[in-house]
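Everything on this sheet refers to the single structure shown next.
Read the figures in this text as sums done on the coordinates, not as results from a lab. All values reported here derive from a predicted model rather than from experimental measurement. Cβ atoms come from the backbone with ideal geometry, glycine included; neighbour counts cover every protein chain shown.
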């Protein structure tokens, strides 16, 4: 059993309204030192597969088909 | 200027309906090897602060006041 963490973020240049909202909220709470907030999501999952190579291949398929939107998002992943 | 990444996840034992929905979708796409999907979010931000110690203190304050809900969420962060 392998543990995988997949990180999905907006591509550089894509507007991030959620990040902007968090930045404004932090400023209004007095955290004036905060700049350039960008939000992302991550998924942790277990894979019942025999090899790391197989896991990498399958995770790439999952990202392409469901987990990331290639038009606006990048992804990376770690396998343990 | 310091770069900080803050990871926010649901505490163990807290139901994760988004993770469950992703798990079901992956199964219906044929990824039967997937188990125990948990979703989290992360934030990347820049901090205009002079020291790492100061940054750690301020990030903890941000998490306590806005970024994480201590009842159901845990957080951790990395400073570069």
Relative to chain B, whose Cα atoms define the longest principal axis, helix B:52-62 and its Cα axis are tilted in degrees, nearest 10, by 60
One would report the Cα pair-distance distribution of the protein assembly as shown, bin width 10 Å, in %, as 10, 36, 33, 18, 4, 0
Residue A:11 and residue A:71 label points (each 7 Å along its Cα→Cβ direction) are spaced in nm at 1.1
Sorting from shortest, the nanometre distances separating the label point of residue A:53 (7 Å past Cα along the line to Cβ) from those of the same residue in the other copies are 5.1
Bounding extents of region B:5-80 in its principal axis frame from Cα atoms, largest first in Å, are 50, 25, 14
Given 25 °C, 0.890 mPa s and a Kirkwood radius over Cα pairs, the Stokes-Einstein diffusion coefficient of region B:31-74 in µm²/s is 187
